[in-house]
């Protein structure tokens, strides 16, 4: 038979070739779904760990050697510390919205208290790290709502480093304000004071005013 006649032979449409093609396509789709499910399961722990690392980024700035930052309810603050008290911070410290128990291995080594007060561009949250004696180990302000190049500078080391090593009772009267950003600076100072007062309440024997 001439080649041109073979090439002109009508082909049967795929849809009319019976159930075999449909079965093959179904098996291929099932295999793809199974592979995706296996991939998701295998990477689930890794993805969860990465998400937790991102969430703990600011906390690691305060306690870089710590292994865990366990959130404790602000209505029952202190339960995980040696003081073994349970204080409802929402009553006397409404500006405090987060408390974290900092652990290194099995040992509690500190606490992180987050408080907020009104800045220039809105509420300005500040994470304050305390060792078990109540000394401030550092602060991390979230100044993203403040004015770029001005109020946002309260998150930079020249300002934040002034708080390191301060005691709970320190009035912070000698903190140098960020130039042209008095409102943002005062907001951070007020939040640090609020965090210190809250820490004093749930750590009365080691870090507070016993």
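Side notes on the structure shown:
- For segment 177-202 versus segment 147-161, the gap between their alpha-carbon centres in whole angstrom: 13
- Extended-chain gain in nm, criterion 0.36 nm per residue less alpha-carbon gap, residue 148 and residue 182: 10.8 nm
- Annotation: extensible slack from residue 22 through residue 61 equals 8.3 nm (criterion: 0.36 nm per residue apart, minus Cα-Cα distance).
- Put simply, the Cα atoms of segment 57-202 extend 43, 33, 25 Å along their principal axes, the longest span coming first.
- Relative contact order of segment 57-202, defined on C-alpha pairs under 8 angstrom at six or more residues apart (%): 22
- Approximate spin-label separation residue 30-residue 86, in nm, with each point projected 7 Å along Cα-to-Cβ: 5.3
Where a number appears in this text, it was derived from the coordinates with a stated rule and is not lab data. What you are looking at is a predicted structure, and each value in this text was computed from that prediction instead of being measured. Neighbour counts are summed over all protein chains in view; Cβ atoms, including those assigned to glycine, are modelled from backbone coordinates with ideal geometry.
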